[in-house]
Amino acid sequence: MDSQHWRAVVTAAQAGDRRALDELVEGWLPLVYNIVGRALNGHADVDDVVQETMLRAVGNLGSLRDPDSFRSWLVAIAMRQIRDRARRRTPDRLEEAAASDFAELTVLRLQLEGQRREVAEAVRWLDDEDRHLLSLWWLEVAGELTRRELAAAVGITRQHAAVRVQRMKERLETSRGIVRALDGACPDLREVTGRWDGRPDSVWRKRLARHLRGCGYCGGTREAVVPAERLLAGIALVPLPVGFTLSLALGGKTAAAATSAGWSAKLLGALTKPAVAMTAGATIVAGGAYVVTQPPDAPPPRAAVTPTATAGSAPPRTSAPPAPTPTSSPTATKKADPYGTVVDAVDRAPDPNARPAALPRRPESGITSTGGPKAVMQHRGDSVTLTGRGYVLVRWQISPGSRPGALVMPSWTGLKGKLFHVASGGRRRMDDPLPGAPNGYATGMGGPSIGYAVLPPGTQQMWQNEYFYLDGSVTLTQNERGCDYGLTVFPSNRDAVVEDIGTGPDRGALRYGLVRDTGTDSAPVPQYVTRATPADPATVPRRSRV
């Protein structure tokens with residue numbers, strides 16, 4: 001960032017220039033968000049700490065003597081707020097889950113691949129103190145901070161900072177090795193992690209590190225390991241989440257403090273008069289609230305068309321009938337359905353050689369998952385909460401060989417926003433014949449010698465891969481009770497969906513995929529979805545509309 005430009009902006013803001021204050025908050029909010037987000041790994045307190053940091057910076061800007069030191073001063077405030085938050089944590093809050101894993105946000109929003117992705121995921125294995133330091137060092141090697149600013153923010157000398165950073169890097173490299181090993185297929189490692197609950201912590205980091213040091217399979221690597229600083233150099237800041245809002249209330253004591261700190265009457269008047277003034281990324285709102293927001297894209301237009309089960313063709317009625325249509329006079333206007341009507345009928349498998357329709361484009365900012373990049377749900381009650389705007393893959397694995405019978409479908413509960421069923425893929429439907437299938441299987445649903453998985457009446461047959469689009473948040477729960485089955489849930493993207501459904505029999509697959517998304521609110525929704533949060537998710541009935 002241009003130091004001369006920001007010196008002028010800080011000076012103007014100190015003098016009461018409202019536009020300069022807008023620019024200052026808008027320009028430096030992403031840096032603060034990245035520091036706090038990485039230090040807390042996306043914990044639910046991130047928004048509060050970011051807001052408190054910016055509130056203190058705005059309220060004390062008049063006390064800053066040297067405008068050139070604004071960045072290091074702001075970073076130091078952020079780190080103090082992070083430390084204060086750690087001191088305020090009570091024992092019963094120590095196990096709170098992250099609201100949105102910042103490591104996964106980094107991977108999704110910066111589209112990191114390979115060893116860059118590995119570094120981002122390794123962050124989960126660091127202790128709080130190392131993660132706090134990493135939040136600054138990451139920005140140092142990315143060119144956003146200097147070593148002097150890093151040391152000042154931590155409150156130590158540059159020499160001591162060099163020692164602390166080196167030790168943190170060593171633990172980060174160990175964590176990278178763990179990430180690589182867990183993605184591998186070492187049979188001894190599976191035995192070591194048999195009792196691991198899947199949550200990274202320092203105890204398991206040490207246990208797995210001991211395994212790596214003595215294991216020839218995990219200790220080897222198929223590619224040269226690039227130092228973390230080379231991988232992180234030049235990586236941009238993670239963008240603010242769509243819809244992220246920062247409210248800095250400058251009323252009462254805060255306004256008085258701002259006056260004593262040198263704020264002009266003009267600026268204070270602008271913050272308290274009943275008016276709204278817009279700038280490119282900030283709004284000053286009536287009542288003394290300073291708001292910075294990135295508005296989400298405009299929602300898709302609502303449609304009153306009841307969708308079919310497939311794009312471009314209507315399914316035959318082979319099971320439960322569609323929801324009845326109310327009778328009306330010829331002149332009556334049909335009331336528009338809510339978004340995403342479900343087709344309550346079993347659909348027919350398309351011809352194996354029929355290529356899918358084009359998949360509509362929907363806005364993507366990325367999905368975060370409480371289960372990480374791959375949530376495996378194999379038992380009744382396992383669940384994962386998904387948040388954001390983008391695509392999700394749910395991969396089916398039905399095991400009637402273990403326990404055949406009635407299959408209790410998974411359910412989507414606590415929906416906030418919208419959820420659509422966009423495509424089916426995986427190169428086969430679960431009821432497709434499997435030539436040469438072992439152990440008595442005739443299809444993915446079972447066979448005569450082992451029994452079959454039986455779907456509830458009116459349920460559409462699943463494919464190996466089912467893709468959904470989420471704009472909001474929702475929890476998916478595995479409700480296994482009869483037939484044995486498992487689900488694996490992956491945050492995905494449109495390109496991956498298109499690649500999957502476009503792979504057909506000419507490349508060894510059983511059939512092409514199927515597009516269900518209409519691109520509007522008439523796209524189908526999952527059948528077992530509700531905005532409620534029932535005590536037993538397995539009780540969610542099949543819905544015809546949401």
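Please pick out the residue among R545, R481 that is farther than 22 Å from M377 by Cβ and part of a loop (DSSP other than H, G, I, E, B).
Values: R481 fails: farther than 22 Å from M377 by Cβ.
After applying the criteria, what remains is R545.
Inside segment 352-381, can you point out the residues that are on the phi > 0 side of the Ramachandran plot, assigned to a loop (DSSP other than H, G, I, E, B) and crowded, with 17+ Cβ neighbours inside 10 Å?
First, the residues of segment 352-381 that are on the phi > 0 side of the Ramachandran plot: 366, 372, 381.
Narrowing further to those that are assigned to a loop (DSSP other than H, G, I, E, B): 372, 381.
Listed by number, the list holds a single entry, G372.
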Selected residue (criterion: nearest to G390 (Cα to Cα)) from residues of segment 74-131 that are acidic (D, E), at pLDDT below 85 and open to solvent by 50 Å² or more (accessible area, probe 1.4 Å): E113
Would you check which residues across segment 17-40 are crowded, with 23+ Cβ neighbours inside 10 Å and not aliphatic (A, V, I, L, M) and list them? Y33, N34, G37, R38
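If you scan segment 401-436, which residues turn out to be more than 26 Å from R516 (Cβ to Cβ) and open to solvent by 30 Å² or more (accessible area, probe 1.4 Å)?
Looking only at segment 401-436, we keep the residues that are more than 26 Å from R516 (Cβ to Cβ), and these are 401-405, 435-436.
Across segment 401-436, the qualifying residues are G401, S402, R403, P404, P435, G436.
Can you go through L208, L189 and tell me which one is open to solvent by less than 30 Å² (accessible area, probe 1.4 Å), without any contact (Cβ under 8 Å) to a residue 40 or more places away in the chain, farther than 24 Å from L232 by Cβ and in contact with a Leu (Cβ under 9 Å, 6 or more places away or on another chain)? Give the derivation first.
Values: L208 fails: farther than 24 Å from L232 by Cβ.
Going through L208, L189 in turn, just one is open to solvent by less than 30 Å² (accessible area, probe 1.4 Å), without any contact (Cβ under 8 Å) to a residue 40 or more places away in the chain, farther than 24 Å from L232 by Cβ and in contact with a Leu (Cβ under 9 Å, 6 or more places away or on another chain): L189.
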Every residue in segment 515-546 that is aliphatic (A, V, I, L, M), surrounded by fewer than 22 Cβ atoms within 10 Å (Cβ to Cβ) and farther than 15 Å from L470 by Cα, please. A532, A535, A538, V540
Just one of the numbered conditions (1) in contact with a Leu (Cβ under 8 Å, 6 or more places away or on another chain); (2) farther than 22 Å from R389 by Cβ; (3) at pLDDT 90 or above is not true of Y441; which one? (3)
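Listed here are the residues, each with its yes/no results for (1) farther than 25 Å from V384 by Cβ; (2) of a type in the set (A, V, I, L, M).
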{"residue": "H160", "(1), (2)": "yes, no"}
{"residue": "V165", "(1), (2)": "yes, yes"}
{"residue": "T174", "(1), (2)": "yes, no"}
{"residue": "D183", "(1), (2)": "no, no"}
{"residue": "D188", "(1), (2)": "yes, no"}
{"residue": "E191", "(1), (2)": "yes, no"}
{"residue": "P200", "(1), (2)": "no, no"}
{"residue": "V203", "(1), (2)": "no, yes"}
{"residue": "R213", "(1), (2)": "yes, no"}
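Only one of V489, V454 is among the β-branched types (V, I, T) and buried (at least 18 other Cβ atoms within 10 Å of the Cβ). Can you tell me which?
Numbers: V454 fails: buried (at least 18 other Cβ atoms within 10 Å of the Cβ).
Every option except V489 fails the conditions.
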Conditions: (1) in contact (Cβ under 8 Å) with a residue 60 or more places away in the chain; (2) open to solvent by 10 Å² or more (accessible area, probe 1.4 Å); (3) over 24 Å from G388 (Cα atoms). S449 meets all but one. Number of the miss? (1)
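Please find, among P534, P526, the residue that is more than 16 Å from F420 (Cβ to Cβ) and assigned to a loop (DSSP other than H, G, I, E, B). Explain how you work it out, then say what you get.
Working: P526 fails: more than 16 Å from F420 (Cβ to Cβ).
After applying the criteria, what remains is P534.
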Which residue is nearest to the chain's Cα centre (by Cα), if the candidates are limited to segment 147-181 and must be loosely packed, with under 14 Cβ neighbours inside 10 Å and outside any helix (DSSP H, G or I)? G155
Could you list, in sequence order, all residues of segment 42-58 that are at pLDDT below 85 and not β-branched (V, I, T)? G42, H43, A44, D45, D47, D48
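Would you call G504 open to solvent by less than 30 Å² (accessible area, probe 1.4 Å), of a type outside the set (V, I, T), at pLDDT below 90 and over 28 Å from the mean Cα position of the chain (by Cα)?
Numbers: open to solvent by less than 30 Å² (accessible area, probe 1.4 Å): yes; of a type outside the set (V, I, T): yes; at pLDDT below 90: yes; over 28 Å from the mean Cα position of the chain (by Cα): yes.
Yes: the conditions hold for G504.
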Kindly indicate whether any position in segment 130-153 is more than 18 Å from I77 (Cα to Cα) and of a type in the set (D, E). yes
Any pair with Cβ under 7 angstrom, 6 or more apart, that starts in segment 63-78 at a residue that is over 21 Å from Y33 (Cβ atoms) and ends at one that is open to solvent by 60 Å² or more (accessible area, probe 1.4 Å): P67/R7; P67/T11; D68/S3; D68/R7
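The values are calculated or read from the model by the stated rules, or taken from the named source; none is laboratory data. The shown structure was predicted, so the numbers you read here are calculated from the model rather than taken from an experiment. Positions of Cβ are backbone-derived with ideal geometry, glycine not excepted, and every protein chain shown enters the neighbour counts. Just the protein is used for accessible areas: all its heavy atoms, side chains included, with ligands, DNA and RNA removed. Shrake-Rupley method; radii C 1.70, N 1.55, O 1.52, S 1.80 Å.
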